[in-house]
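Every number in this text was worked out from the coordinates using simple rules, so none of it is lab data. Keep in mind that this is a model prediction, so the values were computed, not measured. No Cβ is skipped: glycine too gets one built from the backbone with ideal geometry, and neighbour counts run over all protein chains shown.
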Amino acid sequence: MNAQAVVILPIALPLATMVMLLLSLKSVPAQKLIGVVGSTLLLLSAATLAWLVDRDGILVLQAGNWPAPFGITLVADRLSSIMVLLAGLMVFAVSVYSLASVNDSRVSFGFHPLIQLLLMGVCGAFLTGDLFNLYVWFEVMLIASFVLLTLGGERRQLEGAIKYVTLNLISSAVFLAAIGVIYAATGTLNMADLALKLRSFPDEGTVSVLSMLFLIAFGTKAAVFPLFFWLPASYHTPPVAVSAIFAGLLTKVGVYSLIRAFTLLFVTDLEFTHNLLLLIAGLTMVTGVLGAMAQNEVRRILSFHIVSQIGYMVMGLALFTPLALAGTVFYIIHHIVVKTNLFLIGGVVEQRFRTGRLDRIGGLYRSAPVLATVFFLSAMSLAGIPPLSGFFAKLTLIRGGLEAERYAIVVAALVVSLLTLFSMTKIWNEAFWKPAREDAVTNVSPRRRSRIGRACLYGPTILLASITVGIGVMAGPVMNASMATAEQLLDQNAYINAVLPDGPTGQVPAVSSERTSQ
Amino acid sequence: MDSVILKTAIRFLLPLLLLASVFLFLRGHNEPGGGFVGGLLASGAIALYAMTHGAAAARQVVRVPPRILIGSGLLFALVSGVAPLFVGRPFLTGLWTTITTEGLGKLHIGTPLLFDLGVYCVVTGVTLVFVFSLLEE
């Protein structure tokens, strides 16, 4: 096996794990064991991939030995490998956490195989170098997420799922239409080949239309303004382990696709596309955080904050300077870790009180000091308090904004940061600081759980919180990796040459050039 | 469904339809057919049997639980994808070999056939899960 074979591992391993899980569906202990072992292997393979990409540069695998642009190409560059590594880390944390938080009936209904299917879709989307293949991975991921969202069949789960499914299907339809149009216009779907052909594409109008179609398709998945309404409507309904992995990974697949599309494909008309992106970024930040302020339930508040933070990631992309893009990458790294962790902590809170409503809970600072510490670290990191990871992520983005002299977005980012702090303080005050209500249903004291059960609940949250602190302390190396990623993203030729070593193939169809000359 | 004609006929049709599905599956490599449509035909035959004789009887005819069919189908597909990695070729590259047999002559088989077998199993398994759960509602 050569180095390139590692590129396929993050897709093949979840599939292999899923097969094992399907064949042993009747045994709950086997499900749990295989799920955790599979996730650990995925994490290890993702780490290997990241290390190889860092050492050797972009790794390309032509599936079935069909040369690009005719076959399906898998490409692992720095951004892809970082995203896959984060996905591996999150699924590891969540599958350990799920041991103590997902009930046996959900496990025997296929919780673990579905998580692996979801991960296969997510990793596939991060690694593919082909637009149609990206669509397929999106669908794999969405189908798994539909089932995970409704698994258990509670009333409010179904209500959330209807909105989620409808909006995601619409966005898939737009995505597919966009793929059809781009194929008709250029005759290729390989991203590297597309990047070459769009550069010299004669009809600027078509390219603008295409970029907007992709913006709508990916924007809906990424939950940017004004297409985000499905997210806060559905993320608080499924089991915590599920919403944690959704919160950490699914919208980030949308953000990843936006980054890929608007750094590789649509870079000819920056004046139009990236200014629009900047406007969207600002509006997303502000509406997200304002929505969060109106909420009174832990997971609902956190869901709105996902939206708000997607804005920061898009901001770096829209500014389109190396520093700002590095900020985006840093922000994604920070956000995935912190957000997943906050959902996991919210889950522990909900388990204790059987509700996440802030007016019904309290006193956790006294009764669960470890949980309080872990929450405090993650919440402050989310708000961007030094020396935690969020501070450096926001600092980089804001420096990028100042350097590009886009002061309006910088002001918006700073104000939203303050409001995030307000929102996090609200959860802190209500859930942790104020004394518990006397009539609060403080059931299932964790002391009554087995020691292993507690370790499964707290272990992942402590792990993720220490990663947050670690990113803050080791900001230098993480920043260097982000800068290297940003520079690689802006160097489209490196990507194109890695995929198409023999140079471009075929030409733009003559029809479209005739049309413009008329 | 209470039709004596269908109930009697399906006993003879079932093996014929299953044979036809295998024929379609094997034909698929060079001509219209393949694992997907073969699997559909097979599950259609079993669905007819389930409708006339009940889902429990049909489950006995299939012997393997549909869930296992799905799992093993995915396993076949995965193996056909991973196998080329061990001979230093990229993922999913087709590996072919020719076997000389008595009676059948030379057989040209390879990993794409295994992949197709996986598709056959997954399609049959998924369809049967639908059919059985609907009948058992």
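Between A:SER39, A:SER98, A:SER80, A:SER24, the distinction of being surrounded by fewer than 24 Cβ atoms within 10 Å (Cβ to Cβ) and among the hydroxyl-bearing types (Ser, Thr, Tyr) belongs to A:SER24 only.
One residue is enough: does region B:62-80 have a residue meeting the conditions more than 14 Å from chain A (Cβ to nearest Cβ), within 17 Å of B:LEU18 (Cα to Cα) and in a helix (DSSP H, G or I)? Scanning region B:62-80, I find at least one residue that is more than 14 Å from chain A (Cβ to nearest Cβ), within 17 Å of B:LEU18 (Cα to Cα) and in a helix (DSSP H, G or I), so the answer is yes. Restricting A:THR251, A:THR268 to residues that are surrounded by fewer than 24 Cβ atoms within 10 Å (Cβ to Cβ), farther than 15 Å from A:LEU397 by Cβ and not small (Gly, Ala, Ser) narrows the list to A:THR268. For A:MET20, the conditions (1) within 13 Å of chain B (Cβ to nearest Cβ); (2) outside any helix (DSSP H, G or I) all hold with the exception of (2). Could you please tell me which pairs satisfy a Cβ distance under 7 Å, a separation of 6+ or placement on different chains, a first residue in region B:25-38 that is surrounded by fewer than 20 Cβ atoms within 10 Å (Cβ to Cβ), and a second residue that is part of a loop (DSSP other than H, G, I, E, B)? Correct list of pairs: B:ARG27/B:GLY33; B:GLY34/B:GLY28.
Residue-by-condition table, conditions (1) within 14 Å of chain B (Cβ to nearest Cβ); (2) in contact with a Cys (Cβ under 9 Å, 6 or more places away or on another chain); (3) of a type in the set (A, V, I, L, M, F, W, C):
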site: A:PRO10; (1), (2), (3): yes, yes, no
site: A:LEU15; (1), (2), (3): yes, no, yes
site: A:PRO29; (1), (2), (3): no, no, no
site: A:LEU42; (1), (2), (3): no, yes, yes
site: A:ARG55; (1), (2), (3): no, no, no
site: A:LEU59; (1), (2), (3): yes, no, yes
site: A:VAL84; (1), (2), (3): no, yes, yes
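Does any residue of region B:16-38 turn out to be within 24 Å of A:LEU23 (Cα to Cα), among the small types (Gly, Ala, Ser) and away from chain A (no Cβ under 14 Å)? Yes, region B:16-38 contains a residue that is within 24 Å of A:LEU23 (Cα to Cα), among the small types (Gly, Ala, Ser) and away from chain A (no Cβ under 14 Å). Considered as a group, the residues in region B:87-135 that are surrounded by fewer than 13 Cβ atoms within 10 Å (Cβ to Cβ) and in a loop (DSSP other than H, G, I, E, B) include one that is nearest to the other protein chains (Cβ to nearest Cβ), and that residue is B:GLY88. In the condition set (1) part of a helix (DSSP H, G or I); (2) out of contact with any Gly (no Cβ under 9 Å at 6 or more places or on another chain); (3) within 21 Å of A:VAL410 (Cα to Cα); (4) not small (Gly, Ala, Ser), A:ILE385 is compliant with all but (1).
Please tell me if B:ALA55 is of a type outside the set (Val, Ile, Thr), closer than 20 Å to B:LEU13 by Cβ and either more than 10 Å from chain A (Cβ to nearest Cβ) or under 13 Å from the mean Cα position of the chain (by Cα) (or both). The answer is yes for B:ALA55. Do you know which of the residues in region A:288-313 that are surrounded by fewer than 24 Cβ atoms within 10 Å (Cβ to Cβ) and among the polar types (S, T, N, Q) is farthest from the chain's Cα centre (by Cα)? If we take residues in region A:288-313 being surrounded by fewer than 24 Cβ atoms within 10 Å (Cβ to Cβ) and among the polar types (S, T, N, Q), then A:ASN296 is farthest from the chain's Cα centre (by Cα).
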